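Student: Dumping the structure here so I can ask a few things about it.
The values are calculated or read from the model by the stated rules, or taken from the named source; none is laboratory data. Fair warning: this is a prediction, and the values are worked out from it, not measured in the lab. Every residue, glycine as well, gets a Cβ built from its backbone with ideal geometry; the counts of neighbours run over all protein chains shown.
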Amino acid sequence: MKNKMPIISAMTLGACLLLTNPAQAYVGPGAAVVLIGYIFGPIVAVITAVGLVFLWPLYYLWKKIKSKKKKSADKDTSDSEPTATAEERETITDMQAAQELKDTEKP
């Protein structure tokens, strides 16, 4: 006689599965939100990490090009005459108006 234990175990498991009542449980929408976060959280993290690894050299290159443009623009503006601010232009205009007023008052 062979060992009948696997057959008895399978029959017992089948009986337990067939004779059980359905569970009276409610799974609310909160569980679905947690499940979505649990699934998509790591996926988004991996995509972000890989994206940053590939985009970092481009960002570094962009900053380098931008700094070269800024240096050349600063060099171009330093060679030209300094421009007056709006406040300085207003002061100069006031001084010119005062000088013209003095010139018209002289006999």
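Student: With respect to residue 40, is the statement that it is among the aromatic types (Phe, Trp, Tyr), modelled with pLDDT of 90 or more, on the phi < 0 side of the Ramachandran plot and surrounded by 10 or more Cβ atoms within 10 Å (Cβ to Cβ) true?
Tutor: yes
For (1) surrounded by fewer than 10 Cβ atoms within 10 Å (Cβ to Cβ); (2) at pLDDT 90 or above; (3) within 25 Å of the chain's Cα centre (by Cα), each residue gets a yes or a no:
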position	(1), (2), (3)
2	yes, no, no
8	no, yes, no
11	no, yes, no
19	yes, yes, no
23	yes, no, no
32	no, no, no
51	no, yes, yes
